[in-house]
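This report refers to the structure that appears directly beneath it.
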Amino acid sequence: MGSTFQDDEGTPQGTSPIPSPGDPYLLWLENALEEGKADLKERVKELACLFAVDRALRRADMQWRTSLQEIVDVLPSGFRSPSQVSARIRLGHDELMTEGFQGTEWSLARRIIAEDDLLGEVEVTRSYPPEEGEDPFSSEEESLLASVADRLAEAMGRMRAEDELRRGQAFQEALIRASPIPLFSVDRDGRVLMWNPAAERVFGWSAEEVCGNPLPILGEQDGEEFAEIRRRASRGESLEGLHFACRTLDGREVDVFLSISPVRPGPGDAEPTAVLFAVEDFSDQVGVWRTKRFQARLLDSVGQAVIATDLRGRVTYWSRAAESIYGWSPSEVMGRDILEVTPSPGSAVEAGAVMDALRNGEHWTGEIELSHKDGSTFPVLVTNAPIHDEHGRLVGVIGVSSDISRTRNLEAQLRQSQKMEALGVLAGGIAHDFNNLLTVIQGHAELMLGGLPPNSPLHEDMQEVISATHRATRLTRPLLALGRRQLVAETALDLGRCLADIEPLLRRLVPSRIEVRVDLGSMEATVQADPSQIDQIIMNLAVNAVDAIEGSGEITFRVDHCIITPESSLSGPWEAPPGTYARLTVKDTGTGMSPEVAERIFEPFFTTKAVGHGTGLGLSTVFGIVRQGGGHLLLDTVPGVGTTFEILWPLVEGEDSVSGTGEGSGERPGQVETVPIARKKAGGAVTILVVDDGPAVRKIIRRTLERSGYHVLTAENGEEALALQREHADQVRLVICDMVMPLMGGVELLGYLGEASPSLPVVLTSGYPDREMNADIRSRAAGFLQKPFGPEDLVGLVEEILGD
């Protein structure tokens, strides 16, 4: 619990839990020690004062006024002239002061505030004015008083919280005493801990007679059964409607139903420390009627449909929520076969099999398609359990069901939103490559146009080419086919083929600064899954890996087989039964995750990205798809090293599937011949270093600048550029570099050059519209060229920077 103090104008000055590194005095003392201004003698006085205050507050709960008076008396000792200082504390109705306290114009006060409530103030005064030019109180004395105010506020806040806890416990005890239902509790050894007045009235024993002793209400025939039930409740199980024949003090026998719940002292406590019993006296028929009416109202207030049947499937209970969800009123369905009412035509066989299992005493939980009275169908989550009578005989079935149509719709929206997020990144990658090509086309076209005679018939043709490049910069690629919604349909598919098919998209999704490795494996990895969901898993993991890599790095996608033996199933990391599985691995060399982040990484809406950069749903979607498809997911991450996701799906044998080595699996981007770096000297020409990972882009920039009389050096990445700049440091007057490149990008190169050659101007280029160029980068760069750009734009900016 935190506290604040305020000066006389009400301005908060700090926060100080006890003890706290934010303590005002301790902060002042730390700064004074660093500056060598701390007088040891004065500091010992001040610290002794604070220790005395803490000592008084430790016993404040029992002797509050005595503690306050002790604090008032010791407070002047922490000031420079204790004999001239008086102190006063006002807290609520309490006001304590040193002997002879009187207000003067040389005073210092701090308010005592706990949980935003003003509780009082602590004040010190000087009886004599300070010397000329001297403040009444020094900064360390102000910090000392602030620390005392903080300690008083913390003590008051703690006492108030303890008082509220005591009042809450007293209220709970009053509720138990006032309950008309007999309540009692026992510890793990069966000794009575609590026995309320209603239990006294029903059974005759007083609380003093039973507390600390075994329960006296059980007959010999029920003792062993009751002990087993108590053990089950002690392990955390809740039980209801248990019939017992109990005895009273006067020897009478009463039939009761017991509801039993485990008692945990705190929400986070795993093991119950006691068991609570609520008694329903069924020997009183009026009480039986009232109890049943109350239970019916409870069930009708539940938002889920509650339906009970006998063993033949005839409806015996139909709640209000069931009427709302399924459309049938209780009078229309009571006594009817449940299989004639709720199953849809497509789920009748599955519903019959579930009912057969329930008649055998089994439990069943799952999703099934059911129907409304009007004939419409919808997905439902159902939990069914058997009903037993007091003799343990199976007499019926109860089911609780919820319409999950909205949940299914939200899941579909979630999948769509994740696909669209991946499309956004993909579109950016396509735009980058597209703009690089347009730069080459536009540059060559403008160079050719400049070299034509004025009356050349090719003039108009070249103008059309240049105009087409301008129009192309405004085009949006038709990606609607990839973004189209499709029904979920599982089929036998080869993971290797899926990875091969999506590989071209991955290479466009991943920035060129990151190397992508794909290992399709040598064996088919056939699984039963939805192809669109497999694509979504791969894309989401790829986006996560890209976000985890700062600068250059590597992402590996691999498909292979994984065999889990009975031994590894028990001792290994996988929570999967023994067998052979198809495995998809996505490994990155990014920043990795701390254990705290890794523990929450699959939670919906949990994200470590900045606001507006990601929804926090990508990995939770992966987790949900894998688990829903019967797969298993393993995360291995090391901070500073990287992260590996491994996903297992049951291997499908003997199914026709698409091979992972078929058409498209071997397609790889072609290797473009690297343009040799030009090193010829031009007498007196200014040397410019051009850095771009695109050979065609480097070539057109070099040709443009050389035609304008400049000497050009070229490099295909930042590391090569640094080596050239060191070799030609006396010659290079300007650097033109792309922002996104493997090994070292333009932003990183800008930082290195800023330290090595601060006066060397750097122009950044990019196919992204200011994608990675924030205000800091823009302020350090000499200029920025958005691709595509033409020779006129390039030469104009160079001349402007060099002052030619």
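The values are calculated or read from the model by the stated rules, or taken from the named source; none is laboratory data. On a predicted model such as this, the values are computed, not experimentally measured, just so you know. Cβ coordinates were reconstructed from backbone atoms using ideal geometry, including for glycine residues, and neighbour counts include every protein chain displayed. Calculation scope for accessible area: heavy atoms of the full protein, side chains included, ligands and nucleic acids excluded. Shrake-Rupley method; radii C 1.70, N 1.55, O 1.52, S 1.80 Å.
For R393, are the conditions met, namely being charged (D, E, K, R), within 30 Å of F244 (Cβ to Cβ), without any contact (Cβ under 8 Å) to a residue 12 or more places away in the chain and surrounded by fewer than 19 Cβ atoms within 10 Å (Cβ to Cβ)?
Yes.
Given the condition under 27 Å from the mean Cα position of the chain (by Cα) and either surrounded by 14 or more Cβ atoms within 10 Å (Cβ to Cβ) or modelled with pLDDT of 75 or more (or both), answer yes or no: does some residue in region 359-366 qualify?
The answer is no; no qualifying residue exists.
What strands (runs of 3 or more DSSP E) lie completely within region 169-259 and have 1 or more residues being modelled with pLDDT under 85?
239-247
Among the residues of region 171-206, how many are under 20 Å from T273 (Cα atoms) and open to solvent by less than 50 Å² (accessible area, probe 1.4 Å)?
Taking region 171-206 and keeping what is under 20 Å from T273 (Cα atoms), we get 172-173, 176, 183-196.
Filter once more, so that each one left must be open to solvent by less than 50 Å² (accessible area, probe 1.4 Å): 183-187, 190, 192, 194-196.
So the count comes out to 10.
Since E141 meets every condition but one in (1) among the charged types (D, E, K, R); (2) more than 30 Å from P216 (Cβ to Cβ); (3) touching a residue at least 12 places away in the same chain (Cβ under 8 Å); (4) open to solvent by 50 Å² or more (accessible area, probe 1.4 Å), which condition does it not meet?
Against the list (1) among the charged types (D, E, K, R); (2) more than 30 Å from P216 (Cβ to Cβ); (3) touching a residue at least 12 places away in the same chain (Cβ under 8 Å); (4) open to solvent by 50 Å² or more (accessible area, probe 1.4 Å), E141 comes up short only on (4).
Any idea how many residues of region 96-133 are out of contact with any Lys or Arg (no Cβ under 7 Å at 6 or more places or on another chain), of a type in the set (D, E, K, R) and either at pLDDT 85 or above or part of a strand (DSSP E or B) (or both)?
6
For residues that are open to solvent by 50 Å² or more (accessible area, probe 1.4 Å), assigned to a helix (DSSP H, G or I) and farther than 27 Å from E131 by Cβ, tally how many sit in region 66-94.
The total comes to 3.
Which one of these does I534 not meet: (1) at pLDDT 80 or above; (2) in a helix (DSSP H, G or I); (3) under 30 Å from L705 (Cβ atoms)?
For I534, the exception is condition (3).
Which of the residues that make up region 481-508 are hydrophobic (A, V, I, L, M, F, W, C), surrounded by fewer than 19 Cβ atoms within 10 Å (Cβ to Cβ) and either over 30 Å from D738 (Cα atoms) or modelled with pLDDT of 90 or more (or both)?
Passing the criteria: A481, L487, V488, A489, A492.
Please identify the pairs in which a residue from region 635-646 that is polar (S, T, N, Q) has its Cβ atom under 7 Å from the Cβ atom of a residue that is open to solvent by 40 Å² or more (accessible area, probe 1.4 Å), counting only partners at least 6 apart or on another chain.
T644/K587; T644/D636
If T469 satisfies all but one of (1) modelled with pLDDT of 80 or more; (2) out of contact with any strand residue (DSSP E or B) (no Cβ under 8 Å at 6 or more places or on another chain), what's the number of the condition it fails?
Failed condition: (1).
Looking at A445, A412, A427, A431, which is the one that is open to solvent by less than 30 Å² (accessible area, probe 1.4 Å), among the aliphatic types (A, V, I, L, M), at pLDDT below 80 and outside any strand (DSSP E or B)?
A412
Take E755 and decide whether it is out of contact with any helix residue (DSSP H, G or I) (no Cβ under 8 Å at 6 or more places or on another chain), touching a residue at least 24 places away in the same chain (Cβ under 8 Å) and not in a strand (DSSP E or B). Quick ask: steps written out before the conclusion?
Working: out of contact with any helix residue (DSSP H, G or I) (no Cβ under 8 Å at 6 or more places or on another chain): yes; touching a residue at least 24 places away in the same chain (Cβ under 8 Å): no; not in a strand (DSSP E or B): yes.
Here the answer is no, as E755 does not meet what is asked.
Working only within region 544-563, note down all residues that are in a strand (DSSP E or B) and open to solvent by 60 Å² or more (accessible area, probe 1.4 Å).
R558, I563
Within region 329-340, take every residue that is at pLDDT 85 or above and of a type outside the set (D, E) and give me the one that is surrounded by the most Cβ atoms within 10 Å (Cβ to Cβ).
Looking at residues that are at pLDDT 85 or above and of a type outside the set (D, E), I get I338.
Would you please name the residue that is surrounded by the most Cβ atoms within 10 Å (Cβ to Cβ), looking only at residues in region 95-119 that are of a type in the set (A, V, I, L, M, F, W, C) and without any contact (Cβ under 8 Å) to a residue 60 or more places away in the chain? Before the answer, list the steps.
Going through region 95-119, the residues of a type in the set (A, V, I, L, M, F, W, C) turn out to be 96-97, 101, 106, 108-109, 112-114, 118-119.
Subsequent filtering for residues that are without any contact (Cβ under 8 Å) to a residue 60 or more places away in the chain retains 96-97, 101, 106, 108, 118-119.
Values: L96: 19, M97: 17, F101: 18, W106: 17, L108: 21, L118: 12, L119: 19.
Filtering first and then ranking leaves L108.
Condition check ((1) touching a residue at least 24 places away in the same chain (Cβ under 8 Å); (2) of a type outside the set (S, T, Y); (3) in contact with a strand residue (DSSP E or B) (Cβ under 7 Å, 6 or more places away or on another chain)) across all residues:
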| site | (1), (2), (3) |
| --- | --- |
| D501 | yes, yes, no |
| E515 | yes, yes, yes |
| E524 | yes, yes, yes |
| V543 | yes, yes, no |
| H561 | yes, yes, yes |
| A582 | yes, yes, yes |
| T585 | yes, no, yes |
| P595 | no, yes, no |
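Does T342 qualify as being under 41 Å from the mean Cα position of the chain (by Cα) and of a type in the set (S, T, Y)?
Taking the combined requirement at face value, the residue satisfies it.
State yes or no: is S347 in a helix (DSSP H, G or I) and open to solvent by 20 Å² or more (accessible area, probe 1.4 Å)? Spell out the reasoning first.
Numbers: in a helix (DSSP H, G or I): yes; open to solvent by 20 Å² or more (accessible area, probe 1.4 Å): no.
Considered against the rule, which asks whether it is in a helix (DSSP H, G or I) and open to solvent by 20 Å² or more (accessible area, probe 1.4 Å), S347 comes out as no.
State whether one or more residues within region 401-409 are modelled with pLDDT of 80 or more, surrounded by fewer than 16 Cβ atoms within 10 Å (Cβ to Cβ), more than 30 Å from L764 (Cα to Cα) and of a type in the set (D, E).
no
Are any residues in region 509-530 under 13 Å from W649 (Cα atoms) and either part of a helix (DSSP H, G or I) or open to solvent by less than 20 Å² (accessible area, probe 1.4 Å) (or both), and if so, which ones?
Result: A525, T526, V527, A529, D530.
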